[in-house]
Structure formats: C-alpha cells, structure tokens
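Contents: one structure, followed by commentary.
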Amino acid sequence: MEKKIPPIPNILAIEKMSQSEFDEEFFAKCCPIVIKNAMTDSQAFREWDLGSLKGRFGNENTVVGFSNNGIFDPRENKISYERMSFAQAIDKINGEDGHRYYIQRHSLIDNFPELLDELPTPEWIKDTDIIRSTNIWIGGGGCITPLHYDTFQNFFIQLSGKKKFTLFSPYDSEILYPDSNPIFPYISKVNIENVDHEKYPLFREAKKYELILLPGDLLYLPAYWWHQVASLDVSLSVNFWWRRFEFVEEPNILSYNVNQVKSIINFFLGQGLSINHTNYEGETNLLKACDSGHLAIAQALLELGADPSINSTKYQNCNALDISKIRNNEVLMDLLRRNL
Ligand SMILES: O=C(O)CCC(=O)C(=O)O
C-alpha cells in the first residue's frame, strides 16, 4: 500500500501563540500544538481541584462511568454507568480502584453551569466559531480512552494531574483499522498498548506522536486526528469542542457526497452563519472548494445559495469561475457557468 507522508515531524510545545499564527500554522494546516501554561491565569486553574469541587458540588447527583479494566471503550458494553453523589464519585476516583471510575465528558453547562464563568474560552476561538460543548473529565490514574477521532476541533485543557496523548494523523486513518461496525467508525480496532501485528499488519506504518499534558497546558487537537488518552495520575481536565465554517480542510470531507456535505453546511447555517462567510483572508468556502477542486463541496454550496460572483483578493480578484479556469477544471467550470 502506498504510504502517505505524515504532515508533520513532531508536535511542538510553545509558550505563546498569536491568532494569526494559530489560524495559519495550525488550524489551516490541521496540525496539533501544545501551548504551555496557557490557562495558569484562570480562576479554574487556581481554584479547581477534586477537593474544592467536592466541597462545592458534593451533594449533587452524578453519573460515573465504570470499567473493570480501566479502558473506557463504548463497544461491547464494557462501560457501565453508576449514579451516586458527586462526593462519592470523587472518593471512588481518589481510591485504590480509581482507574475504574471516570466522570467522562460531562457537559459543564448541563452539570456545573456555575463553573462556566470561571474558565475563559480559549482566546483562539473567534466570535464566529461555534462551540459545540465544554466538558469536564475527572478520572483516576490509569483510566484510558481508547484510540478514536472526533469530528470537532478540540482545545483540551489540563487543570490537574497529567495525561498522556498518543496521536496519529488523519492521513494514516486507513492503516489504523477504523471499526467496521457502522456505529463506531471513529474508533480503531487496534489495541495500541499490545498490537496484534498479524491481524493489523499495516499499523506498523502509522506514525505515532506522543505527548504528556501537564497542569495548565492546552492542546489544540484538530478534528479527525486520532487520539488515545491515558490519565497518568488522578486527573482533572476540561475541553472545548468547536467548529469553524471553513470545512474544506477537514480530511474526511473528501469522501462525502453532495447531500452529506449539504447537511454539514446546514448545521452551520442553522447557527446563523452566512453561506458566503469569508475567512481571515477574504475567501469564501466556495472559492476554497474551487481552488482545491472539491466538486461535491462546490455543488453543495451552490445548491444552498452560495454566490459564485464573489472575488477573492488572495487570488488577484478572481471569482470561483476564474479560479477553476486557472486550475483547468472543466467540470467545475461547467458547474459554475450554469450558476452564474
Ligand atoms: O481525556 C480523555 O480521556 C479523552 C479526551 C478526548 O477524547 C477528547 O477530548 O476528545
């Protein structure tokens, strides 16, 4: 099988990052990055820990995931859910069997709305971006979330304890053996702690990236990057899942048909974004789709009313038809002529 080139040699950790650096170097290139001590000024970082949260919310009811082997894999009913008080849950997580208990992905707005004001939204999320959810993760040392990907952009913040992330690029998706069960295509069949190379021979070709997130660190994890996450000790984290209406770069979009792309676009339109939304360089999604030759995306955008006459300053005032001519893409040219 042809080996695709991984997009980056290493995942970098930096101290500071401007908006344009994030947009151009990491978001646009679908490239993860760790920002050290990004959240150390926040009230959440200073004040939240298992003890203080237990003091504030101890009497509330919560649902805790239980997994006998500490691997929180939703397939084959390996996780059961137990209802208990938040104080009891924290005691279990702090106890000897802590790796078996995980308050996993609890939405802050639904469970702890008062905490939302204590944690600033990461500064690189723009007003026009859509935050899907902000979640809290509290688990004992040894909890593992197995290798999977999500379809949202992710800012993952470590508040206390350490977490090890093992990442693989979306370019390696095929050799990570996505589950053939249509409910779990986003989870890998490979147990990366103990790989069965006979069963999964191509896995050897996949490029693995490992990093440890320390308290105060923030990881930008682009949509579709595969990740396994292990708590190295009792851990408290929060993450923001979000989307930007510049979906042309999302790796899996190329396999979508027009109707599937339309449903993604409709999601954004439902959030109040314009079909002619432009990015920081003045490009519309239609211009970007034509520049990259993505026919299904261009067709879906046009069917939903995108304006093909908008010019891009980035391409010397070309519109979508001009760009398709430069790229010599007859099929797109034909589609655009019919819509101009
Ligand atoms: O921290 C974990 O256990 C998993 C986090 C995760 O999968 C995510 O943020 O997408």
Inset, instruction - Determine which single condition residue 151 fails, assuming it passes every other condition in (1) more than 18 Å from residue 41 (Cα to Cα); (2) surrounded by fewer than 17 Cβ atoms within 10 Å (Cβ to Cβ); (3) more than 11 Å from the ligand (Cβ to nearest atom). - result: (3)
Inset, instruction - Output the residue which, of all residues in region 39-52 that are in contact (Cβ under 8 Å) with a residue 40 or more places away in the chain and in a helix (DSSP H, G or I), is surrounded by the most Cβ atoms within 10 Å (Cβ to Cβ). - result: 45
Legend entry - Every residue from region 154-192 that is of a type outside the set (Ser, Thr, Tyr), more than 12 Å from the ligand (Cβ to nearest atom), in contact with a Lys or Arg (Cβ under 9 Å, 6 or more places away or on another chain) and not in a helix (DSSP H, G or I): 168, 178, 179, 181, 183, 184, 189, 190, 192
Inset, instruction - Tell me which of these residue 25 doesn't satisfy, since it passes every other one: (1) part of a loop (DSSP other than H, G, I, E, B); (2) over 27 Å from residue 112 (Cβ atoms). - result: (1)
Inset, instruction - Can you confirm whether region 159-166 contains a residue that is open to solvent by less than 10 Å² (accessible area, probe 1.4 Å), in contact with a Pro (Cβ under 8 Å, 6 or more places away or on another chain) and modelled with pLDDT under 95? - result: no
Inset, instruction - Being out of contact with any Pro (no Cβ under 7 Å at 6 or more places or on another chain), surrounded by 14 or more Cβ atoms within 10 Å (Cβ to Cβ) and of a type in the set (Val, Ile, Thr) is the filter here, so list the residues in region 182-194 that pass it. - result: 190, 192
Legend entry - Residue list for region 9-35, filter: open to solvent by 60 Å² or more (accessible area, probe 1.4 Å) and among the acidic types (Asp, Glu): 15, 21, 24, 25
Inset, instruction - Scan the strands (runs of 3 or more DSSP E) fully inside region 201-250 and keep the ones with 3 or more residues being open to solvent by 20 Å² or more (accessible area, probe 1.4 Å). - result: 208-213
Legend entry - Total residues in region 310-336, condition within 21 Å of residue 261 (Cβ to Cβ) and touching a residue at least 12 places away in the same chain (Cβ under 8 Å): 14
Legend entry - Candidate set from region 68-101 (those that are touching a residue at least 60 places away in the same chain (Cβ under 8 Å) and under 25 Å from the mean Cα position of the chain (by Cα)); member that is surrounded by the fewest Cβ atoms within 10 Å (Cβ to Cβ): 75
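The values are calculated or read from the model by the stated rules, or taken from the named source; none is laboratory data. Since we're looking at a predicted model, the values are computed, not measured. No Cβ is skipped: glycine too gets one built from the backbone with ideal geometry, and neighbour counts run over all protein chains shown. Surface areas here come from the heavy atoms of the whole protein model, side chains and all, with no ligands, DNA or RNA. Shrake-Rupley method; radii C 1.70, N 1.55, O 1.52, S 1.80 Å.
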